[in-house]
Amino acid sequence: MILIKLAILISGSLYAGILPYTLWKSIKHIEYDPSKQTLSYLSIRDMYGDKFRKGYSWLLFSAAALTYIFFVLLSEFYCLGEYDRFIEYINYCSFYFVVLAFIPLNLYPYKKENVKHNIRRILHNVFAALVFVTLAALVVLFHIATYEEHPVFGLIGLLIIGLTVAVMIWSIIKNSLNGFSELIFINGIGIWSIFVTVMTMLL
């Protein structure tokens, strides 16, 4: 259990910090407007170059790996192996991250001559939405599975993800989907992972 705790501490810390920190460090050096652009714009080669497109893909690969490692470790520590749906969602979420890394966004207008690009654009948006939905579902399923033994822990965790999703939806309704609304979700997941990591260390 001590080794699993140590692994959760390391992966949880990386999970909470790597995505927000890397994104913040990257957008500071470019003309990026999060009020008008989503984070997926960073994958558009014509706007930000091949370096950022590749960097965006590697960031998604890292997120996929850390998501898988962190949640598998949590399932081991909290003995959730029998909860098939939770394990399935770990696989789904990591898979969606990987697929998203292979499909950069494009802004080709929806026309007959752009069918190939339009399909890629639609697929990118679909898998981006699936990442957000399955990640939120993972958090909820985790706390549902552990609620009986850790009710207070579960309530606080559900409150964090609930507020995160609510604020994100409010932001989308008010300003449409943009970088700010995505960063709200990313930072909310980061706060949640720090909370879960700290509480797991105390158990």
Of all the Cα-Cα pairs you can form in the stretch 25-85, what percent are over 18 Å apart? 51 percent
The chain: longest stretch without exposed GluC sites (Glu not before Pro) (DSSP loop, at most 10 other Cβ within 10 Å), sites themselves excluded? 83-147
Any idea what the dipole of the stretch 69-159 comes to, in debye rounded to 20, about its Cα centre with Lys/Arg Cβ at +1 and Asp/Glu Cβ at -1? 900 debye
Long pairs among 25/174; 5/25; 36/174, criterion Cα-Cα beyond 18 Å: 25/174; 5/25
Förster-model FRET efficiency, 22 Å R0, residue 102 and residue 51, C-beta, rounded to 0.05: 0.80
Apportionment of accessible area to carbon and sulfur, the chain, percent (1.4 Å): 69 percent
Ranking by accessible area, most exposed first, for 198, 99, 165, 139 with a 1.4 Å probe: 198, 165, 99, 139
Go through 46, 33 and list them by solvent-accessible area, largest first, probe radius 1.4 Å. 46, 33
Accessible area expressed per residue, the chain, with surrounding protein chains retained (probe 1.4 Å, Å²): 56 Å²
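The values are calculated or read from the model by the stated rules, or taken from the named source; none is laboratory data. This is a predicted model, so every value here is computed, not measured. Cβ coordinates were reconstructed from backbone atoms using ideal geometry, including for glycine residues, and neighbour counts include every protein chain displayed. Surface areas here come from the heavy atoms of the whole protein model, side chains and all, with no ligands, DNA or RNA. Shrake-Rupley method; radii C 1.70, N 1.55, O 1.52, S 1.80 Å.
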